[in-house]
Amino acid sequence: MPPGPEASMAMQSFGTSSVRMERLLLVMVQMPAEDVDRIMEHVVKAVPLTMGKYDSNAYQSAAGIERYRPLEGAAAGAENEVRKRPGVVEVSFELEEDQALLERVVELIFQVHSYQEPVIRVESILGSRSKGLDDKDNPNRWWNTAGDWKTKP
């Protein structure tokens, strides 16, 4: 049975006066926090992760605990107990809906990741992109409030 109008509408691009909602791919990768800079350095060399006038756009979650048990054939060797590794984060970023680009990025992540079985997930989403309106006087923007979270040098 084909999806109803609600399902098809959920993934159609649209725009408002300020924003375009575009079909994109959301790539999510779990990794030890200490690996993030190295892996993302390789990713942004392959694709700049541009969003408007910014690049290197990605999100990193707070650290959590990854649970797993190595089986026969695992690099660590088979174990009886479940391992609990602290300090694992999830990094997510958006890509254009381009299968060849996605394949290159997934392969690159696999090659530079420290895991034998990297956790890489991909979802089809709608992502926002500003239409670049002149809103320099908008009182809600960070530059018109206390300022950016990072102090300028």
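Readers should treat all values here as calculations from the given coordinates under stated rules, not as data from a laboratory. Predicted model only: the values in this text are computed from it and were never measured. For neighbour counting, all protein chains shown are included, and Cβ atoms are generated from backbone atoms with ideal geometry for every residue, glycine included.
Using only Cα atoms, figure out Rg for the chain and give it as a multiple of 2.2 N^0.38 Å.
So the chain has a normalised radius of gyration of 1.31.
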Set of aspartates and glutamates with alpha-carbon distance to Lys136 below 16 Å, sequence-local pairs under 8 removed: Asp148
To test your reading of the geometry: what angle, between 0 and 90 degrees and rounded to tens, separates the Cα axis of helix 36-46 from the longest principal axis of the chain? 60
Net charge around Arg67, counting only other residues with Cβ within less than 13 Å of its Cβ (Lys, Arg = +1; Asp, Glu = -1)? +1
So the angle from the long Cα axis of helix 99-112 to the longest Cα principal axis of the chain, reported in degrees to the nearest 10, equals 50
Given DSSP loops and a limit of at most 12 other Cβ atoms within 10 Å, what is the longest stretch of the chain that contains no such trypsin sites (Lys or Arg not before Pro)? 54-130
How many nm is it between the label spots at Leu26 and Ala146, if each spot is 7 Å from the Cα in line with the beta carbon? 2.8
Normalising by the residue count of the chain, find the relative contact order in percent from Cα pairs under 8 Å and 6+ residues apart. 36
Net charge contributed by nearby residues that have their C-beta within less than 12 Å of Pro32 (K/R +1, D/E -1): -3
Could you tally the net charge around Glu79, taking each other residue with its Cβ under 14 Å from the Cβ of Glu79, Lys/Arg +1 and Asp/Glu -1? +3
